[in-house]
Amino acid sequence: MNWKEFLDSIESEKRPRETLSRTLQALWYERRGQWEEAHQTAQAEENSDGAWVHAYLHRREGDRSNARYWYHQAGRPESKETLDQEWESITRQLLELNCSSEP
């Protein structure tokens, strides 16, 4: 799935596609305004990408101290981008990874 297809799916589909990684599913839910679903989905991905999305979600929520913890868990610096810029940066990087791992 490319960037445009991902954005289109947010507008047109009721659920994220099962072929997407959990981290991309979490970002999909967040963009749809479903923060709790996004948080649960990101939390279920116990790796650095999951921690990165988890950090972003807590930053979006306004919980900076919790976000800092998750950035540390992800091995990433705390983002200085706007929330929308960070969402796009994370999403684009994870889409690239998701595409390269597809058969």
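FYI, it's all coordinate maths here, none of it is from the lab. Everything numeric in this text was worked out from a predicted model, so none of it was measured. Neighbour counts are summed over all protein chains in view; Cβ atoms, including those assigned to glycine, are modelled from backbone coordinates with ideal geometry.
Results, tabulated for the structure shown:
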| item | result |
| --- | --- |
| Lys/Arg +1, Asp/Glu -1 at C-beta; the chain dipole; positive extreme among ASN98, TYR71, TRP87 | TYR71 |
| Value of [θ]222 nm, deg cm²/dmol, for the chain, DSSP H segments ≥ 4, -39500 (n - 2.57) each, nearest 500 | -22000 deg cm²/dmol |
| Average Cα contact separation per residue, the chain, under 8 Å, 6 or more apart, as relative contact order % | 24 |
| Check: the chain dipole with +1 on Lys, Arg Cβ and -1 on Asp, Glu Cβ, in debye | 180 |
